[in-house]
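**Student:** Supplied in structure tokens, the structure appears directly below.
The values are calculated or read from the model by the stated rules, or taken from the named source; none is laboratory data. These figures come from a predicted structure and were not determined experimentally. Side chains included, ligands, DNA and RNA excluded: accessible areas come from the protein's heavy atoms. Shrake-Rupley method; radii C 1.70, N 1.55, O 1.52, S 1.80 Å.
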Amino acid sequence: VSSTKNRRLFGRIMNLVFHCAGSVVVNSMNTAGLVRSCGVPLNNIILAKPGVGKKWMAAKPFKETIGFKNEINPTLLSVGRLVPHKGHATVVKALPRLVKIWPGLQWVLVGAGPEKENLEKLAEKLGVTRNVNFLSSLSDGELQKCYENADLFVHPNGEVDGSFEGYGMVFLEAGACSLAVIGGQDGGVPETVLNGETGFLVPPFDPNTLFERVALLLRNHALRSEMGRNGRCLAQSRGWDQTLSSIIRYESMLLEAGI
């Protein structure tokens, strides 16, 4: 919506579609605000946040059984398409200071996309190539293992040319695996990261604040574990049955009305 509404032709087409629709389903309050700015009446908007699949709730986090996995070689995890608004470059910029404290720290980056070459060049320039691991084309089981064996989930997103995180399912998936999370204070992410409870929100594209928050959580096992537990509780409350209840009610109403 954000990248389309300011384009002359596509913006007009989008607005026409919105105004002809009996209802518009949005995935977050943030998206609802964008749709409202296009002139869609509030009573035509249905909020249906994405839900967390049962497979994530079945995960058995490594740290739940033996505590902090590796104080010398902690593992950071990011999952998402390699595009600028995901904030991966911010993680790379924060790595040199983190590596000074934890030389064996590893950042596992799961995803593919056009930004990979730029990230590789930046990592080489900053001398942290050996600390960055790119993975892609993983099965659901392999991805779940990445969540289970990480110490902290980082995804410092922000808006770039109208593109941003509309909701942030990965934060809930990480929380389902009892991981504390760090996300960007932008888009719909504040609806999936409860600042100070399930993790931290940081200013977009700010490597200094990101470093401070990552270092704090890696040093503080108790806080990280507490946030991980809170994240799992949040994920449990966001199963598909709960998040799509508004859609289910709407469909039932249509059926009863014979529509």
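**Student:** So between residue 116 and residue 248, what do we pick up on full extension, going 0.36 nm a residue minus the alpha carbon distance?
**Tutor:** Numbers: separation 132, 0.36 × 132 = 47.52 nm, distance 3.98 nm.
Gain on stretching residue 116 to residue 248: 43.5 nm.
**Student:** Roughly to the nearest percent, how much of the accessible area of the chain is carbon and sulfur, given a 1.4 Å probe?
**Tutor:** 53 percent
**Student:** Amide H of residue 200 versus every other amide H placed in the peptide plane: which residues, excluding those fewer than 5 positions away on the same chain, fall under 5 Å?
**Tutor:** 181, 182, 183
**Student:** Considering amide H positions built from the backbone, and no H for Pro or chain starts, which residues 5 or more places from residue 135, or on another chain, come under 5 Å of its amide H?
**Tutor:** 109, 110, 111
**Student:** Per residue, how much accessible area does the chain show when a 1.4 Å probe rolls over the protein heavy atoms, in square angstrom?
**Tutor:** With the other protein chains kept in place, the chain gives 49 Å² per residue.
**Student:** Also, quick follow-up: Would you check the chain for Lys pairs whose C-alpha atoms are within less than 14 Å, ignoring same-chain pairs closer than 8 in sequence, and give me the count?
**Tutor:** 8
**Student:** Which of rounded, prolate or oblate describes segment 156-211 when judged by the alpha-carbon gyration tensor and an a/c cut-off of 1.5? Intermediate results must be reported in sequence, preceding the final value.
**Tutor:** Working: a/c = 2.15, a/b = 1.29, b/c = 1.67.
Oblate is the answer for segment 156-211, as a/c is 1.5 or above yet b/c matches or exceeds a/b.
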